[in-house]
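*Asks:* For reference, the structure I am asking about is given below.
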Amino acid sequence: MIERQTLQRTCEIAGATLTVSTSNGYSVIYRGDYVGYIHASLGDRWNTYRRRVGAPDDHLGRFGQEEAVRRIVRAVSTAGGTVAAS
């Protein structure tokens, strides 16, 4: 069994801030906007989602925690900017 470290409040990965969410995972904040989230999958993998306003969120795959955050930041950056915070 793999044990996951739980963040106390926040941490920073790839220029994004992770905060503990109510969905058994972390919200990803980038440049002040809520741009995605990750939640536990199997082993050391995290289900990775890019948030989209007004549309279903994009499931980007399952990755290690740092790679998951990088994928969200990359997806937001290549989409031409961040989404509006709500």
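The values are calculated or read from the model by the stated rules, or taken from the named source; none is laboratory data. Keep in mind the model is a prediction, meaning the values are calculated, not measured. Here the Cβ is made from the backbone with ideal geometry for all residues, glycine too, and neighbour counts use every protein chain on show.
*Asks:* Going residue by residue through the stretch 60-73, is there one that turns out to be part of a strand (DSSP E or B), at pLDDT 95 or above and among the aliphatic types (A, V, I, L, M)?
*Replies:* The answer is yes, given that some residue of the stretch 60-73 is part of a strand (DSSP E or B), at pLDDT 95 or above and among the aliphatic types (A, V, I, L, M).
*Asks:* Give the residue that is nearest to the chain's Cα centre (by Cα), with candidates limited to residues of the stretch 9-32 that are closer than 13 Å to V76 by Cα and hydrophobic (A, V, I, L, M, F, W, C).
*Replies:* Among those that are closer than 13 Å to V76 by Cα and hydrophobic (A, V, I, L, M, F, W, C), it is V28.
*Asks:* Need pairs with beta-carbon distance below 8 Å; first residue at negative phi and within the stretch 12-24, second crowded, with 16+ Cβ neighbours inside 10 Å and modelled with pLDDT under 90; sequence gap 6+ or separate chains.
*Replies:* Close Cβ pairs (under 8 Å, with a partner that is crowded, with 16+ Cβ neighbours inside 10 Å and modelled with pLDDT under 90) do not exist here.
*Asks:* Would you point out which residue out of G25, G36, G80, G43 is modelled with pLDDT under 95, small (G, A, S) and buried (at least 19 other Cβ atoms within 10 Å of the Cβ)?
*Replies:* Result of the check over G25, G36, G80, G43: G25.
*Asks:* Inside the stretch 46-59, can you point out the residues that are surrounded by 13 or more Cβ atoms within 10 Å (Cβ to Cβ) and not in a loop (DSSP other than H, G, I, E, B)?
*Replies:* Selection gives W46, N47, T48, Y49, R50, D58.
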